[in-house]
1. Using 0.36 nm per residue, how much length does the chain from Lys172 to Val97 gain when fully extended, once their Cα-Cα distance is taken away?
2. Please go through the residue pairs Lys160/Lys302; Lys172/Lys251; Lys310/Lys371; Lys355/Lys401; Lys240/Lys302; Lys84/Lys240 and name each one whose alpha carbons sit more than 27 Å apart in this structure.
3. Hey, fewest Cβ within 10 Å first, where do Ser351, Ser431 land in order?
4. Going by how many other Cβ atoms sit within 10 Å of their own, how do Met372, Met20 line up, fewest first?
5. Set the Förster radius R0 to 51 Å, insert the Cβ-Cβ distance between Lys409 and Asn76 as r into 1/(1 + (r/R0)^6), and round the FRET efficiency to 0.05.
6. What nm value, rounded to one decimal, do you get for the distance between Ile292 and Lys453 when each label is placed 7 Å out toward the C-beta?
7. Among Ser91, Ser306, rank each residue by its count of other Cβ atoms within 10 Å, from fewest to most, as a rough exposure measure.
8. Find, among the GluC sites (Glu not before Pro) in segment 447-483, those assigned to loop by DSSP (not H, G, I, E, B) with at most 15 other beta-carbon atoms within 10 angstrom.
Amino acid sequence: MPLRNTRKISIIFSFIFCGMIVGAVVVILLSGLGFLHSPLSTGHIGTGEKNISPPAPRMMQTAASVQDEITSSRQNAIVRAAQKAGPAVVSISVVQVRVVREHPFFSPFGDEFFDDFWGRFFRPREYKEKVYSIGSGFIINPDGYILTNAHVVRGADQLKVSLTTGEEYEGKVVGSDEVSDLAVVKIETKDLPTVVLGNSDDLIIGEWAIAIGNPFGYLLDDPNPTVTVGVISAVNRDIKRERGQVQIFRKMIQTDAAINQGNSGGPLVNASGEVIGINTFIFTTSRGSEGIGFAIPINRAKTILSDLIKFGKIIPAWIGIRAQEVNPILAQSLDLDKAEGVIISDVEENSPAQKAGLKRKDVIIGVDDQKMRTLSDWEDLVYLARAEQNLDIIFLRDGRKNHARLVPKALPTQMSKSSRSKLGINVANISSSIAYRLGTNDRRGVVVTGVDKESIAYEAGLEVGDIIRQMNDQPIRNVEDYEMIIKRIKNNKKLILLIERERALYFVSLEL
């Protein structure tokens, strides 16, 4: 082939190749700019019209479900528990009116010296001042019954209960027990949200514990409760009593959920939102929460709630047994396998225990399904026992296990002669059953069975259960002696009482 023709063919192929490349580039560019569309791509078959389809609904549902999952993840067990119990938690504001005595002169020997000596010539100035405090509580009945601590409402002249809705009501203490540190407050309304009372006997150490209340509520103008979270640190904690302490704290729940001032009386709930305890006090060196808080088990409160609501106080049950703990020496002398249980040291005459057939030296090792390992176990059972409640006493006698059916009775205080005087107190003779209940063997004197809150005796600090042993240095044997001395004392004269309280003696001065 001639060289000239070869060159022509090469040039032609070059133009064709370049044209194909340019065309491909143009097609790509036009497609990218959206000028070329297939009729099938529009969603309208055979029309060729331009139509941009909306985002697929499936993508919108996926975004919503993600948000639902996030919201659901925030609604954990603790949140649900707080939402369940929170609406029934209340704030309790207390106003106490205290009498303050101000002496015109300073006495280096204290106020008592001034009262006894200089008080004959210079009467101290007295005035009343209001003291404010706050606590928490929770609604246990839709008709307005609220459970809280006795120390929250102690000495209250005014009570204000605030609900989470912001509503406020005047409260009234319908029942209180200082020994258990429990009280019931009533407000006049209905259809209130209530808590669910759980079971404090099946707690697990390490499970969630949620403390709800209104700490420092007087600083925050907000009726909504706060929530702190921790775990059950320990159970069955017996707290040693301090001198002069009336409360008996046994089998307490220990938690590290923060309990602060104002939390007292509020509920301790589990992860299911059920109340398992009543927040009561903390151990602290800084006056704040240090992770050692204690709550009264709710099962303990359940036992006495009906008494507090019906009678305003606990009606004690009479069993008629004095007992002591079995120590290793006693266990060895009685041929016991181990030093557990309580040994009966005395049985009161005509008592339920005597009628059940129990005797001295019997060793009680169990009551119903509860083991009696220590004296504290027995004392706790006696305190919580109710009249006419059948008790299956399991005891050892001469090495053999026996059972006795014991039915406690109401403490027969009404059998003692009683008297009310111008001091504003009711007194009664100390019967054998009363002496047993008070833990004394000395039946001389009279026991205070009631104190009028408007009386001089109340202002002087006399309490129910005090035993009056002497009046103006004269011994008191019974109600007759008490009445005789009261009649002899003229108005505007001082009366000095020697009283016994918690097995300790005190002088109390009254002015008629």
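Readers should treat all values here as calculations from the given coordinates under stated rules, not as data from a laboratory. On a predicted model such as this, the values are computed, not experimentally measured, just so you know. Quick reminder, even Gly has a Cβ in these numbers, built from the backbone with ideal geometry, and neighbours come from all protein chains shown.
1. Numbers: separation 75, 0.36 × 75 = 27.00 nm, distance 1.60 nm.
Additional length available on full extension: 25.4 nm.
2. Details: Lys160/Lys302 25 Å; Lys172/Lys251 29 Å; Lys310/Lys371 31 Å; Lys355/Lys401 19 Å; Lys240/Lys302 23 Å; Lys84/Lys240 35 Å.
Long pairs (Cα-Cα over 27 Å): Lys172/Lys251; Lys310/Lys371; Lys84/Lys240.
3. Values: Ser351 21, Ser431 18.
Final ranking by Cβ density, sparse to dense: Ser431, Ser351.
4. Numbers: Met372 24, Met20 10.
Sorted ascending by nearby Cβ count, the order is Met20, Met372.
5. Details: r = 50 Å, r/R0 = 0.98.
Approximately 0.50, to the nearest 0.05.
6. 3.5
7. Values: Ser91 27, Ser306 12.
Listing Ser91, Ser306 from fewest to most nearby Cβ atoms yields Ser306, Ser91.
8. Details: sites: Glu454, Glu459, Glu463, Glu480, Glu483; in loops: Glu454, Glu463.
Qualifying residues, ordered by number: Glu454, Glu463.
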